[in-house]
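Structure first, then comments.
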Amino acid sequence: MNTVDEKLQSILATVVHRNAGEPEFHQAAREVLESLGRVIARNPEYSADALIERICEPERQIIFRVPWIDDNNEVQINRGFRVQFNSALGPYKGGIRFHPSVNVGIIKFLGFEQTFKNALTGMPIGGGKGGSDFDPKGRSDREIMRFCQSFMIELHRHIGEYVDVPAGDIGVGAREIGYMFGMYKRLNNRFEAGVLTGKGLVYGGSRARKEATGFGTVFFVRSMLALKGTDFDGKRCVVSGSGNVAIYAMEKVLSLGGKVIACSDSGGYVVDENGIDLDLIKQIKEVKRGRISEYVALKGDGCSYVKAGSIWDVPCDIALPCATQNELHGGDAKTLIENGVIAVAEGANMPCTPEAVQMFKQAGTLFAPGKAANAGGVATSALEMQQNASRDSWSFAKTESRLEEIMINIHDACNETAEEYGAPGDYVLGANIAGFVRVAEAMRAMGVI
Ligand code: GLU
């Protein structure tokens, strides 16, 4: 090991030590730090003044109590989080996640990833993330509203158009953003449209924001395939998840001529060799807020529901993990590779374990890391902020074409950076270095703060 790698390993050991019991954050930090050896060897100034140590330490971490009253008149207590990770490039920006698995380590990993992802978009946004261990599953609309209001009663003092701009993530969509925006507006007596993104269209939301993460992931894959002289036409695709990211990834795959064979939710997966009926999935998930197991009864013959087991057992050319962190393990990667997968792109944040990523790399599978492949969502949030700032509202076509352009730029930046640093085709290295360099340049300019 050379001295640069030794230094990075020692920084990582400190990160692990002072963030004990936060394995997802360690995993995200390890992946980035292990990519930085070459860039720091070439530019020692990036590790001067403890810049790497500072980049691994959130600027601010807020943890708060969220009391609320359920439909049975019982008082419930949840924990709320906002980790304001890095504001070198702009106001903190990143989603809010409502899921029982949420803890400070999960939010920290997401905020860390977000910092580099946001840098890759080329937009003026820093990195942050928030959420709660609140479980929205099975809760009534009124319960969701009361929870969102209580959450915002605390959060409002920490955010603002020029301070920190939250959005959605798992468990938080337009409905929740609406309730939170309403309470923010009431508390501040200010219609500050740019304080949240992912808003409804009628009160300052952006067209194509809902579709952006999934569309963007598929645009990224299209660029990877194009470099290899191929495209989506006739390709078998498997997409895990059936939330916002998965649904619109499927939609774009279909419009580019691909075939979607399977998708999932936390209960299991459906396989439909005739091609997944996306309108039916939308009906089940977006309208009824139901379970994917309902698909088979509604669709009829030719499809099946698998309750236990892994969706990655379904043979495919392109795999898009769009559900959650660490959902695709080494064993799944082995199966996918044996089945001849060409490309894997992370629509979710960190869905592939480090072992799986390593296996794809060794097998020569095209692999797009989440911080590049799923950056289209937050990039379109930045476009929403632009529209809010100029009191404008763009057409779907204009917004989607900006998104497309941004995804092509991110793809090219990752690819060119990987080549520049002697690792052609390594999108993980390319994304980590390209994102890091932008944040590091801004931090250096601002001195030790
Ligand atoms: N939660 C999304 C992400 O992981 C979007 C964040 C945003 O739009 O601010 O990037």
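Results, tabulated for the structure shown:
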read-out: Residues of region 155-197 that turn out to be closer than 14 Å to Gly131 by Cβ and out of contact with any helix residue (DSSP H, G or I) (no Cβ under 7 Å at 6 or more places or on another chain), as a count; value: 8
read-out: Single residue of region 81-97 satisfying the filter (more than 12 Å from the ligand (Cβ to nearest atom) and under 15 Å from Phe64 (Cα atoms)) that is surrounded by the fewest Cβ atoms within 10 Å (Cβ to Cβ); value: Gln84
read-out: When residues of region 357-382 are limited to those that are among the β-branched types (Val, Ile, Thr) and within 14 Å of Gly94 (Cβ to Cβ), the one nearest to the ligand (Cβ to nearest atom); value: Val378
read-out: Filter result (small (Gly, Ala, Ser) and either touching a strand residue (DSSP E or B) at 6+ places or on another chain (Cβ under 9 Å) or surrounded by fewer than 20 Cβ atoms within 10 Å (Cβ to Cβ) (or both)) within region 377-423; value: Gly377, Ser381, Ala382, Ala389, Ser390, Ser393, Ser395, Ala397, Ser401, Gly422, Ala423
read-out: Test: Phe134 is more than 14 Å from Asn78 (Cα to Cα), among the hydrophobic types (A, V, I, L, M, F, W, C) and either assigned to a loop (DSSP other than H, G, I, E, B) or more than 11 Å from the ligand (Cβ to nearest atom) (or both); value: no
read-out: Inter-residue pairs, beta-carbon under 9 Å, first more than 11 Å from Leu383 (Cβ to Cβ) and in region 394-407, second polar (S, T, N, Q), 6+ apart; value: Met407/Thr217; Met407/Ser223
read-out: Qualifying positions in region 206-242 - within 12 Å of the ligand (Cβ to nearest atom) and buried (at least 23 other Cβ atoms within 10 Å of the Cβ); value: Ser206, Arg209, Ala212, Thr213, Gly214, Gly216, Thr217
read-out: Residue check for Ser47: in a loop (DSSP other than H, G, I, E, B) and in contact (Cβ under 8 Å) with a residue 24 or more places away in the chain; value: no
read-out: Residue within region 324-331 that is part of a helix (DSSP H, G or I), of a type in the set (D, E, K, R) and touching a residue at least 24 places away in the same chain (Cβ under 8 Å) present; value: no
read-out: Filter result (β-branched (Val, Ile, Thr), closer than 18 Å to Glu34 by Cα and without any contact (Cβ under 8 Å) to a residue 24 or more places away in the chain) within region 408-449; value: Thr417
read-out: Matching residues, region 98-114, being outside any loop (DSSP other than H, G, I, E, B), in contact (Cβ under 8 Å) with a residue 60 or more places away in the chain and either closer than 14 Å to Phe81 by Cα or more than 11 Å from the ligand (Cβ to nearest atom) (or both); value: Phe98, Val104, Gly105, Ile106, Lys108, Phe109, Leu110, Phe112
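Every number in this text was worked out from the coordinates using simple rules, so none of it is lab data. Here the structure is a predicted model, which means the values were calculated and not measured. Positions of Cβ are backbone-derived with ideal geometry, glycine not excepted, and every protein chain shown enters the neighbour counts.
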